[in-house]
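These notes are about the structure you will find just below.
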Amino acid sequence: MADATYEVQADDAAGVASVQQVDMKFEIVVIPVSDIDRAKEFYAKLGWRLDADYDNGSDFRVIQFTPPGSGCSVIFGKNVTAAAPGSAQGLYLIVTDIEAARKNLLRRGIAVGEVFHGGENVYAGPDEPYLFGRIRVNGADPERRSYRSFASFSDPDGNGWIFQEITARLPGRIDSTATSFASATDLAGAFRRAEAAHGEHEKRLGQRDENWADWYAAYMVAEQSGATLPQ
């Protein structure tokens, strides 16, 4: 640790030293596979973007794919990891519509398990001990709460992927001053949820809401940031 350098700034008002924040963007996950070309075919079939296929012609090859709307990519290949093929488990793919995500892969010929939600004790049970939701109950969460509905699939080596439906983040998980959507599909889904909630709002008003656009905007921003939703 002798060569480590720490950047510290003093907070004179509070009299407390704080470490300066540095952005760290997590962008790559390494997937261990046994057959590179078979894995490449599988991940292409998922509809993921192929970013790279580099081969030095002797002892190294790396392939990179990125899921739609994701800021993180996966890589696999020759001499990129010492992990055993199939040992990557609990790889989460966050979606806003679990049923649509599952149907999309089924249409592509990918085997995907049924949608499920966690049982009463989500931290115990025999189904998949390394995942949230160790007791699987068929069907999406009855109240369709965020973080509670799942569906899983595996690549040809057995590396385990799991869809998790999230439509509203827990408070503090998203910058409340910034709202963004990864794709037109995500934005459309947010509009549909706002439309349904706004319909209930108009029922309470007993009339058409002339300021529906402002209400939609407030709802969509609050939903993404985890703030209190407008009523």
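Tally Lys and Arg at +1 and Asp and Glu at -1 over the other residues with C-beta under 13 Å from the C-beta of Arg61: what net charge comes out?
Every neighbour counted, the sum reads -3.
Loop-only check: which trypsin sites (Lys or Arg not before Pro) in the range 35-117 are DSSP coil with at most 16 other Cβ within 10 angstrom?
Details: sites: Arg38, Lys40, Lys45, Arg49, Arg61, Lys78, Arg102, Lys103, Arg107, Arg108; in loops: Arg108.
Those satisfying the criteria are Arg108.
Quick check: at a probe of 1.4 Å, how many percent of the accessible area of the range 11-111 sits on carbon and sulfur atoms? Intermediate values should be presented prior to the final figure.
Numbers: 3120 of 6180 Å².
The computed percentage sits at 50.
Given a 1.4 angstrom probe, what's the average accessible area per residue across the range 23-85, in square angstrom? Mind dumping the intermediate values first?
On the way: 3720 Å² over 63 residues.
Ligands and nucleic acids excluded, the result is 59 Å² per residue.
How far is it, in nm, from the label point at Leu170 to the one at Asp55 when both lie 7 Å from their Cα along the line to the Cβ?
4.5 nm
Using label points projected 7 Å from each Cα along Cα→Cβ, tell me how many nm separate Ala184 and Val137, to one decimal.
3.8 nm
Count charges around Ala213 for me, please; just the other residues with Cβ under 15 Å from its Cβ, Lys/Arg as +1, Asp/Glu as -1. Intermediate results must be reported in sequence, preceding the final value.
Working: positive: Arg208; negative: Glu195, Glu202, Asp209, Glu210, Asp214.
Summing Lys/Arg as +1 and Asp/Glu as -1 gives -4.
Which of the lysines could a cross-linker span from Lys78 if the Cα-Cα distance has to be under 28 Å and same-chain partners fewer than 8 positions apart are dropped?
Filter leaves Lys25, Lys40, Lys45.
The values are calculated or read from the model by the stated rules, or taken from the named source; none is laboratory data. Worth saying up front: this structure is predicted, and the values here are computed from it rather than measured. We place every Cβ from the backbone using ideal geometry, glycine too, and count neighbours over all the protein chains shown. When the accessible area is computed, the model is the full protein with side chains, heavy atoms only, and any ligands, DNA or RNA have been set aside. Shrake-Rupley method; radii C 1.70, N 1.55, O 1.52, S 1.80 Å.
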